[in-house]
Every structure is written in structure tokens, then in C-alpha cells.
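Inspection log for the structure reproduced underneath, given as C-alpha cells.
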Amino acid sequence: MSETPDSAVRTYTEQHRAAFHDDLAEWLRIPSVSAQPEHDGDVRRSAEWLSAKLKETGFPVTEIWETPGAPAVFAEWPSEDRGAPTVLVYGHHDVQPAAREDGWATDPFEPVIRDGRMYGRGAADDKGQVFFHTLGVRAHLAATGRTTPAVNLKLLIEGEEESGSPNFRALAEQHAARLAADAVIVSDTGMWDEETPTVCTGMRGLAECEIELRGPAQDIHSGSFGGAVPNPATEIARLVAALHDENGKVAVPGFYDGVTDLTGTERALFAQLPFDEATWLRTAKSQAASGEAGYSTLERVWARPTAEVNGIGGGYQGAGSKTIIPSSALVKISFRLVDGQDPDRVQQAVRAWVESRVPAGIRHRITFQPATRPCLTPLDHPALQAVARAMGRAFQKKILFTREGGSGPAADLRDVLGAPVLFLGISVPSDGWHAPDEKVELDLLLKGVETTAYLWGELATALGR
């Protein structure tokens, strides 16, 4: 009896499992740590390795794109089908710093396989999740008898994501014509857990600032001058205390302008996830859940904007006492943003709010870091449904939906290319991104291969003109 297309994909994937593992391990041995200048050559070597491997996979076009920092890799494989949609895959080939003395059981850049898991820096974040696309497209061709993908397939794999993607937007703008696509697939996310396959529908944005208040020209005696001049440390505390109202909402006027509210359908889908708050709190190393009233814990971390104090200081911090009025104080605040919020408008609102609260005799300075925009794909978008169908075929389970509370450069691609962004990841929370003993579940990695093998046909149908 002849195989079905799905069983043919599984057969092909299993036949090439060992070579796939060997190739991934070879890539993981390259310590492409973008944050450490001594590894600049390794990041370049990683880009060159990937470019060569994509050429070997069958991509007729592979290029290394230079930036003022680390190089990115671009690859393209046009479809022979007239009118086929174009899909761009995004990922990154740089990794976080890692050293044996950080607590690794083995050398982080000498990958090992134990109990069905591959351990090594980048195994999940993000080399493993980039690399499953190579075997996936080959399985797609083998199972369908095609010689080219069902979509015009492009890859953009950057080399600075773990350093904040400082040159990524400029790179995307510079090459916008080459990157033009009908949809973007981001493979730098994960699933709920090993038993619950999920598709992420959005990521929050990020705006970070430092607020410094200055009062006296130097520290002064609190007995001689206390109670008679403004104290920067007191005023910074008042500013922080006023950041939220009694219901946990951010109290900055205009902060919520444009926010896309959760729909009833989204809230119901979130509620289907097997969430246990006690377990979540243990992971958070916290004793109680808290936040904006009227929302569940998952809704707070995925779909609501926030303001968090990341650090605060001013005045004497040493042992004992020093009776002064400090000359300055500061606070660092990060604002997580959701779909509909404009980072520029949020920054303007924060500046106006601070200015309105600073008393006479206090000078202030606000410094914002470059912002990351939020990104959300509607649940009913045909491309999102295509991703869910492909993943459902691979896992043979119902696919649920999540969002990510963190941030990334996905929104830059959406803004520059004007294309919807979809998230496809198979990593699970136990993979330990950025931590010692980072690993990837090899069976799940092969499910990622299967998903992409089905995905190109699903997207060709969903986005076909």
C-alpha cells in the first residue's frame, strides 16, 4: 500500500534523523556569542556554516548580508508554481554567552545527547529551531514529488538577536525589496509544554527608560536642611508610588491609548490551557500573583501592557547611616506594550507625566532606549490557521493558542514588509533558554521538521492568489 503524504513525511524524517542530529551538533560547536567581541569571528563562522548548509539543502540563492555588527544569512528558493505566495522565515544564529563554570554539566559548546535530548548552547534558542527548516523543506519535496517548494521560500537568519538586534531594522529596510513576502514565519518561540502543542499569536513590545532626578548640587546635611528643600530620593519614591493606581493599572495618562482589547474568544482559548497558578508561582520564585484587576495571570503577562520598576536608587547605600539629603536619585522602568500601542506616543506620555509630577527645585532627565514594537496576528487570519493545521498534522493533536510576554524584532518585519507575522516554535519551558544546560527535545525537534514539511502546502492554499 502506498504511503499518504503525511506518512511519507514521517518516513523521510526518520530516515534522515541521525544525519540531521550530526549536522546540528556541528553547528552548535561554533560559539557564536554576539555579545562578546572575542567571538566576532565565531559569529561570522556560524553565518558561513549556515550559508553553506542551506546551499547543500537545495537553496539556489544563499548570501551573507553584512551589518555594522554581526552578519545575517539570506537564502531564497523560488517556487516553480506560477502565482505561488512568498513566505519569509526569520530566526537567529547567534547565542547567549555560556561557560562550564556557569553550572553546565558538560561543555556548552560540545553538544551531547542524553535521554532523547540534545544539550548545548543554542540547541533550542535558536539554532535548533532554525535548522529544522532545512530537513523540513527536503521532506516537503520528497513527500510531494516536487522539485521546488509550494511557496517562494526565503530565510533571513540574523546574527545579533541576543544583543538586542541593534542593526536589524536597518537591514530589513535596506533589503526590503528582496525580503518582500506575503507572510513571515518566526521560529524563535515555543509551545506550552511537551504534551500541549500551541501556536503563539503575538509578542509584546518594549519601551525602557531611566529617570534621574537632581536636587542639591551635592549631598547636604539632613539636620541643617531637611524638611526645607526637596529631596530627590523622596521624589523618586513618590513617582514610583504614583505609577499604578489601586487596581494595578498604569496611571500615566494616555498610556492605554490604542490598546487592542482581548476578545471573548481569545480569553476562552487562554482558559483552555492547562495552567496551574501554584506551579507557575514556583517557577516565578514568588509567593502570590498580582497585577491589573479584572484579568487572569496569563492575560496579564501576554495581552496587557505593564510598567515595571527594574531598579531604583539614590543616596547612601553603605553600612550604617549617613544623614544626608542626596543630590540625585534614579529609577529604571520598562514598559511592555501590546498591539495598538505606539512606542513613540507612550514615550511622550511618560515624559509629560514625569514633568507634571516633578516639584520646583528638582531637575529631571529621562533617557529612553530604542523601543520594540508589539506584534499580533488575528486568530482568524488564514495564514495563522494554516500554521495551526500544519502543526496539528504533525502532532496529531488539537492545537491551542498562546502569546509571548517578551519582545523581539518580529514587529520590524511586519512594519517594513507589510506582511502578517506568524510564530512557529517547538521549544518547551524546560529547555532552559539562556540558562545552564540548555537543551532541545529531539522528538519535538522532529515534529518541527514535520510541521514545516506540511506548512508550505498549507500556506500555498491559504494565501494562493
What whole number of Å gives the distance from the Cα centroid of the range 296-352 to the Cα centroid of the range 1-42? 41
Enumerate the calculated ³J(HN,Hα) couplings along the range 93-102 in order (Karplus 6.51 cos²θ - 1.76 cosθ + 1.60, θ = phi - 60°), each rounded to whole Hz, writing x wherever the residue is Gly or Pro. 10, 8, 9, 6, x, 7, 8, 3, 5, 6
Under a no-solvent Debye model with one identical scatterer per Cα of the range 159-284, what's log10 I(q)/I(0) at q = 0.23 Å⁻¹? -1.38
Modelling each spin label as a point 7 Å along the Cα-to-Cβ direction, I'd like the Ala251/Ala18 distance in nm, to one decimal. 6.6
For the range 73-189, diffusion coefficient by Stokes-Einstein and Kirkwood Rh (Cα), 4 °C, 1.567 mPa s, µm²/s: 81
Whole-Hz Karplus couplings 3J(HN,Hα) for the range 418-429, θ = phi - 60° and coefficients 6.51, -1.76, 1.60, Gly and Pro as x, run x, 10, x, 10, 10, 10, 10, x, 10, 5, 10, x
According to the square roots a ≥ b ≥ c of the eigenvalues of the Cα gyration tensor, what is the shape class of the range 294-446, taking rounded for a/c under 1.5, prolate for a/b larger than b/c otherwise, and oblate for the remainder? prolate
Multiply the residue gap between Glu38 and Ala284 by 0.36 nm, knock off their C-alpha separation, and tell me the result in nm, one decimal place. 85.2 nm
Quick one: go through the range 287-321 and flag any residue whose amide nitrogen is under 15 Å from the point 7 Å out along the Cα-to-Cβ line of Arg357. 306-313
So, by mean Cβ neighbours within 10 angstrom, what's the order for 289-300, 414-425 with the highest one leading? 414-425, 289-300
Output ³J(HN,Hα) for the range 445-457: one whole-Hz value per residue in order, computed from phi by the Karplus curve 6.51 cos²θ - 1.76 cosθ + 1.60 with θ = phi - 60°, and x for Gly and Pro. 4, 5, 5, x, 4, 4, 4, 5, 5, 7, 5, 5, x
quick shape note, the range 108-153: Cα extents on principal axes in Å, largest first -> 38, 20, 12
I need two numbers for the chain: Rg to one decimal and Dmax as a whole number, Cα atoms only, in Å. 24.6, 95
Just the Kirkwood number for the range 49-124, please: inverse of mean 1/r across all distinct Cα pairs, in Å, one decimal. 15.5
Using a basic spin-label model with each label point 7 Å from the Cα along Cα→Cβ, how many nm lie between Asp107 and Asn310? 3.5
Return one whole number: the accessible area per residue of the chain in Å², for a 1.4 Å probe. 42
Using the Kirkwood formula on alpha carbons, the hydrodynamic radius of the range 374-465 in angstrom works out to 14.7
Give the value in nm², to one decimal: projected area of the alpha carbon convex hull of the range 240-383, averaged over all directions. 12.4
Which entries of Lys53/Lys447; Lys127/Lys447; Lys55/Lys154; Lys397/Lys447; Lys398/Lys447 show an alpha-carbon separation above 18 angstrom in the structure shown? Lys53/Lys447
Share of accessible surface on carbon and sulfur in the range 90-238, whole %, 1.4 Å probe and ligands ignored, is 47
How much mean residue ellipticity at 222 nm does the chain get from its helices, if each DSSP H run of length 4 or more adds -39500 (n - 2.57) and you divide by all residues, to the nearest 500 deg cm²/dmol? -10500 deg cm²/dmol
Using a 1.4 Å probe on the protein heavy atoms, what percent of the accessible area of the range 300-435 belongs to carbon and sulfur? 48
Amide H to amide H, which residues 5 or more places from Asn152 or on other chains are under 5 Å from it, using H placed in the peptide plane? Ser79, Thr86, Val87
Summing +1 per Lys or Arg and -1 per Asp or Glu among the other residues with Cβ less than 11 Å from Pro378's Cβ gives -3
How many percent of DSSP beta bridges within the chain run antiparallel, rounded to 5? 70
Run the simple label-point estimate for Ala237 and His434 please: 7 Å along Cα→C-beta, distance reported in nm. 3.0
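The values are calculated or read from the model by the stated rules, or taken from the named source; none is laboratory data. Bear in mind the structure is a predicted one, so any value in this text is a computation, not a measurement. Here the Cβ is made from the backbone with ideal geometry for all residues, glycine too, and neighbour counts use every protein chain on show. Calculation scope for accessible area: heavy atoms of the full protein, side chains included, ligands and nucleic acids excluded. Shrake-Rupley method; radii C 1.70, N 1.55, O 1.52, S 1.80 Å.
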